[in-house]
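The values are calculated or read from the model by the stated rules, or taken from the named source; none is laboratory data. These numbers come from a predicted model, not from an experiment. All Cβ positions, even for glycine, are placed from backbone atoms using ideal geometry, and neighbour counts span all protein chains on display. In case anyone asks, the SASA skips ligands and DNA or RNA and just uses the protein heavy atoms, side chains included. Shrake-Rupley method; radii C 1.70, N 1.55, O 1.52, S 1.80 Å.
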Amino acid sequence: MSKGMAKRKIIAGLIAGIVSIALLLGMEAIERKAPVPVSEEPAAQSGEEAAPAPAPAEPASASVSADTAGEFQAGTYTGTANGFGGPVDVTLTVGDAGGITNVEIKGDGETPDVGGAAIPTLAGRILEAQSAEVDGVSGATFTSQAVLDAAAQAVAQASGQEVMAAPKAEGDNLFIPGTYSGTSKGFGGDVDVTVTVSEKSIDDIKIDGSHETENIGSFAVDMLDDRILEAQTPNVDALTGATVTSNAVFRALNDALVLAGADLSKFPTVTKEAGGEKTYEELETDIVIIGAGGAGMTAAINATQAGKKVILLEKMPYAGGNTTKATGGMNAAETHYQAEQGIEDSVEQFVEDTMKGGHDINDRDLVTVMAANSAKGIDWLDSIGAPLPKVSFSGGATNKRIHSPEDGSGVGAYLVTSFLRTMDELGIQVMYDTRATSLMTLDGTVVGVQASSDSANYTIRAKAVILATGGFGNNEDMVVHYKPDLKGTVTTSAPGVTGDGILMAEAVGADLVDIDQIQLHPTVEQSTSMLITEGVRGDGAILVNQEGKRFINELLTRDVVSAGELAQPGSYAYIIFDQHLRDGLKAIEKYVSTGITVQGDTIEALAEQLDIDPATLADTLKTWNQYVADGKDPDFDRTTGMDADLSQPPYYAIKIAPGIHHTMGGVKIDTSARVIDVNGKPIPGLFAAGEVTGGVHGGNRIGGNAVADIVVFGNVASQSAVAWCDENG
Ligand code: ADP
């Protein structure tokens, strides 16, 4: 770290206004050495919609006898830094013998189960080491960093280090005019903020968050600068669902503003007013589509192209839902890409693989619609400039069938970006931050939607409604209601994926199918809820347990591989790959920049870091590479994802375990995507597509079928809704 950066870090730590602003000299001396592991807290990015958790009642402290010897000056010293949810104060008491006798840490805004739980540990470590140079607590990066930064300030004061005044704006000016920058850790790496200020205003903000999750963190980056510029204060609301990125922006901005001479305590807090007066608006359209994920956007584009007026509601401030998170690709059979690459496949085989993967409880008619229209779906994606030309194997597929972007990027973010661009071209507006709350019916026919935003309540009359609200993987109550043994399991689902559409449909009499069928994905990094794409195994990675041994055919279906992992010691595994594989799969760069990969120049070096017996892991890799050379896996009968061995250093591992990934069950639909009621009759005017529906995936969804589902059924639902409008118009 450069001296300048260290300086900014320290200044940033002083922002809470509790200690007088003082800038410490000799920063390198108090810089923390130990890198802090990537935390559990970024899970908030994918899993958190709610406000910060309640504050712990009392500060945590650790103390020893008053005569501990040391080199500090007797007294009490406090440092402050920004944690996960607000300021964290560390107060050190130094006894007459010069040793630290008490460490008190206060961090009311920290998540109780994560950062809050780490605080007593950190207090103990600082006390024991008599220093701020201690390791952070794994899984609580942000809190640890704040505690150690704050402790470093207090230690420096206790060491009698000279202090100098921080820059201060003159008179009633807010800033010293100029351009300043700050840096803080976000979800996937550093977030840099550069701010230009004049004496009394913030004139420009540039946020570089290029490592943040595409279409989630990047929305935060895009939206926060406007929010801050408009409010002229750094104290604005975090972007819902992107708390980690938002907090990184705020920390970096505060850092820069302090350098600009600002007194941060002078800035007002501007938050959205909860419960204020709302306006009431009545709108009218042909088709209301609820949910701007993959299914909703596909439906919106198709319906608009068919000449219908569409209103697309999205309760989050950004589009994409779970679709953004799809990393693998889209299954499709008999496509022109397969033909061009000499891959033999058939719609029938696609149907059979999907039925088999779904334990034969899928609705075969729906599966057939998906498979038979999948190649057309690929053509349609070509037509909107979103080609998926790369074809490879994925778990549960007999043939190479999963289609993904040429450059190896994650299919979901790629498609969401393409859909948004196409909608822009077609002039389709998304009503963001607007949640559909209920379906309106007249004599049993769905005739519109009630919706609500922070500022307005809406009645939207429409000839047809398409539900595309996604599943319920991020509604723990609903998950536990249908599958109690999943209590406490991490989820990969987006924050908006909370089952609203299922509840709304049920309220108008819809039938539900397979609602207790909830899929675990076998490769989820637990501290971040980050899903490690199946493509990693598809391209040749293996799974090993803590003993360094393979235990399963890694490309069996997700439920089987998940069960295999749960049966291992500790119920986790490591996914192992090499540099060659990393070079071919762009998604891996994200894992590396997030800090969840462990790397070794040799297999043995990797094993040592994982606490695995090096000889065993080396032997596992040697055996596996021989199997790849022979094209045969006598241990577990793996037959796919064996195009390349794992022999090019460096070697990588990610510790993974199962996480809730997809809710297969949902609203019952027929092959025209009409929603079916509990008496087996279509509910007039109501259509549904995507994860909100049940039946397509049965008891287990095969990787690549979610995207096939949204593209095909998004289109089917749109066609049916368009036809319904024409017949009833
Ligand atoms: P699919 O894969 O089926 O398209 P996604 O999870 O990608 O599903 O998208 C579903 C979208 O629906 C998400 O963006 C989610 O925020 C949105 N959504 C869920 N419930 C509502 C609601 N009540 N009103 C508006 N949007 C909703």
Rolling a 1.4 angstrom probe over the protein chains, ignoring ligands and nucleic acids, what is the accessible area of ASP583 in square angstrom, nearest 10? 110
A correct Stokes-Einstein calculation for the chain, using the alpha-carbon Kirkwood radius, 20 °C and 1.002 mPa s, returns a whole-number D in µm² s⁻¹ of 79
Would you mind computing, in nm to one decimal, how far apart the modelled labels at ALA69 and TYR572 are, each placed 7 Å from Cα along Cα→Cβ? 4.1
Determine the order of THR437, THR335 by accessible area, beginning with the largest, at a probe radius of 1.4 Å. THR437, THR335
Contour excess over end-to-end distance, with Cα ends at ASP424 and TYR280 and 0.36 nm allotted per residue: 49.2 nm
Could you check how much of the accessible area of the stretch 244-336 is carbon and sulfur, as a whole percent, using a 1.4 Å probe? 48
Could you state how much accessible area HIS697 has, in square angstrom rounded to the nearest 10, with a 1.4 Å probe and all protein chains kept in place? 10
Based on the Cβ-Cβ distance of ASN235 and ASN728, what FRET efficiency does E = 1/(1 + (r/R0)^6) give at R0 = 41 Å, to the nearest 0.05? 0.20
Kindly provide the helix-only [θ] at 222 nm of the chain, computed as the sum of -39,500 (n - 2.57) over DSSP H runs of four or more divided by all residues, to the nearest 500 deg cm²/dmol? -10000 deg cm²/dmol
Rounded to two decimal places and with Rh computed the Kirkwood way over Cα pairs, what is Rg over Rh for the stretch 205-348? 1.13
Name the residues whose placed amide hydrogens come within less than 5 Å of the amide hydrogen of ALA140, ignoring near sequence neighbours (fewer than 5 apart) on the same chain. GLU40
How large is Rg/Rh for the stretch 308-447, to two decimals, with Cα atoms and a Kirkwood Rh? 1.03
Heavy-atom accessible area ranking, 1.4 Å probe, most first, across LEU617, LEU531: LEU531, LEU617
So if the hydrodynamic radius of the stretch 340-385 is defined as the Kirkwood radius over C-alpha pairs, what does Stokes-Einstein give as its diffusion coefficient at 4 °C and 1.567 mPa s, in µm² per second? 111
Calculate how large, on average over all directions, the projected area of the Cα convex hull of the stretch 110-161 is; give the answer in nm² to one decimal. 3.2
Convex hull volume per residue for the stretch 587-641, taking Cα atoms only, in Å³: 111
From the C-alpha gyration tensor of the stretch 548-668, square roots of 5λ in Å: 24, 18, 16
Stick to the Cα atoms of the stretch 326-404, pair each with every other, and give me the Kirkwood hydrodynamic radius in Å at one decimal. 12.5
Cα-Cα separations in the stretch 590-729 greater than 21 Å, expressed as whole percent: 64
Dividing the Cα convex hull volume of the stretch 450-530 by residue count, how many Å³ per residue is that? 132
How tilted is helix 243-259 with respect to the longest principal axis of the chain? Cα atoms for both, answer in degrees (0 to 90, nearest 10). 30
Residues with amide H under 5 Å of LYS668's amide H, sequence separation 5 or more or different chain, H placed in the peptide plane at 1.01 Å from N; which? ASP511, LEU512, VAL513, ILE676, GLY694
Work out the FRET efficiency for VAL592 and PHE636 from their Cβ-Cβ distance, taking R0 = 30 Å, and round it to the nearest 0.05. 0.60
Output for the stretch 301-409: GluC sites (Glu not before Pro) sitting in coil per DSSP, at most 14 other Cβ within 10 Å, listed by number, reads GLU344, GLU406
Taking the solvent-accessible surface of protein heavy atoms with a 1.4 Å probe, what is the per residue accessible area of the chain in Å²? 38
Bin all alpha-carbon pair distances of the stretch 309-353 at 5 Å intervals from 0 and give each bin's fraction as a whole percent. 5, 15, 15, 14, 12, 12, 12, 11, 3
Could you work out the equivalent-ellipsoid semi-axes for the stretch 256-333, taking the square root of 5 times each eigenvalue of the Cα gyration tensor, largest first, in whole Å? 38, 24, 10
Tell me the net charge near TYR627. Cut-off is 9 Å between Cβ atoms, TYR627 excluded, with +1 for each Lys or Arg and -1 for each Asp or Glu. -2
Tell me the accessible surface of LYS463 in square angstrom (1.4 angstrom probe, heavy atoms of protein chains only), to the nearest ten. 80
Using a Förster radius of 25 Å, what is the FRET efficiency between VAL480 and SER438 based on their Cβ-Cβ separation? Nearest 0.05, please. 0.55
Here the Kirkwood hydrodynamic radius of the stretch 622-670, Cα-based and in Å, equals 14.4
Just how large is the dipole of the stretch 396-456 about the Cα centre, in debye to the nearest 20, putting +1 at every Lys and Arg Cβ and -1 at every Asp and Glu Cβ? 300
